[in-house]
1. Based on the alpha carbon coordinates of the stretch 122-175, what radius of gyration and maximum Cα-Cα distance (Dmax) apply, in Å?
2. Once the dipole of the stretch 113-227 is set up with Lys and Arg at +1 and Asp and Glu at -1 on Cβ about the Cα centre, which of Phe170, Ser126, Met203 lies farthest towards its positive end?
3. Using a/c under 1.5 as the rounded threshold, could you call the stretch 54-146 rounded, prolate or oblate? The axes a ≥ b ≥ c are square roots of the C-alpha gyration tensor eigenvalues, and prolate needs a/b larger than b/c, oblate otherwise.
4. Mind checking the alpha-carbon convex hull of the stretch 2-97 and giving the volume per residue in Å³?
5. Could you sort 14-23, 190-199 so that the peptide with the highest average Cβ count within 10 Å comes first and the rest follow in order?
6. Can you tell me the dipole magnitude for the stretch 184-242 around its Cα centre, using point charges on the Cβ only (Lys, Arg +1; Asp, Glu -1), in Debye to the nearest 20?
7. Pick the calculated Rg and Dmax of the Cα atoms in Å for this structure from (i) 19.2, 61; (ii) 18.1, 60; (iii) 18.9, 69?
8. For each of Tyr90, Tyr134, count neighbouring Cβ atoms within 10 Å of the residue's Cβ, then give the residues from fewest to most.
Amino acid sequence: MVIKGIVEYDGTDFYGWQIQKDQRTVQGVLKEALETLLKGIDFRLIGASRTDTGVHAENQVFSLHIQQDLDIELPKFKKALNAILPQDVYVKSLEFVSNDFHARFSAKSKIYRYRILDGKRSPLRSRYVWELPYRLDEAVLSQCAKLIRGEIDFSFLEMVKEKEVKKVWFYAAYWEREKDEMVFYVEGSHFLYRLVRVLVGSMIYSYRKFSNCKFFENFLQGKEKRVIVAPAKGLTLLEVKY
């Protein structure tokens, strides 16, 4: 049997989603809580996105593959699960799905958001935004974002892992001024290691150093070897589409 879950977490104190030895991870604490409830029953826990260290999620999707059919009342199971989980992780929903559902491989696209607080600081928001001491130009950044369209081959990135599918199809990418923040939204078929942070970092660098998008355009074409990575704390996984 397979259960689809949606989980929200503050990634600040996690070493990413994926279980790693001697590190606190979201998958790790979720797996421990499930082991407590399932009491020796074999299961697999799969996440839709292997978010990096410090990255947050509003709607991360996971699939819980249990090796036998159980009589589980999902509302009670969800309540019990959240009672065990730490304060920085919360399971928002659970539902039964078909046995061929796979949180990662069944996904059609993912949407990420990156928040920047420009020209000021905020102690209350510092865990969730990249704070910059200067103001950003929405017009220039919007022009840069328009370059992120269709299929882009990121084989030129040395940090891309060997087994990753290096061509990404982008459905949308844009900046918006939301009160005192500049916010970047991007939807793609999948995302390579640190890719959203590299896109954001490269756009900010292009604007800050040259006041235009030429550096960023060269980067997307594989002509620019400098890789600028924005801090993890500004990034949130918003949605996974199926």
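1. Using the Cα atoms of the stretch 122-175, the pair Rg, Dmax is 15.5, 39 Å.
2. Projecting each Cα onto the dipole axis, the largest value belongs to Ser126.
3. oblate
4. 90 Å³
5. Result, highest mean first: 190-199, 14-23.
6. Dipole size: approximately 300 debye.
7. Computed from the coordinates, Rg and Dmax of the Cα atoms in Å corresponds to (i).
8. Tyr134, Tyr90
No lab work stands behind these numbers, since they all come straight from the coordinates. This one's a predicted model, so the numbers in the text were calculated from it and none came from an experiment. Methodologically, a virtual Cβ is constructed for each residue, glycine included, from the backbone with ideal geometry; neighbour enumeration extends over all protein chains shown.
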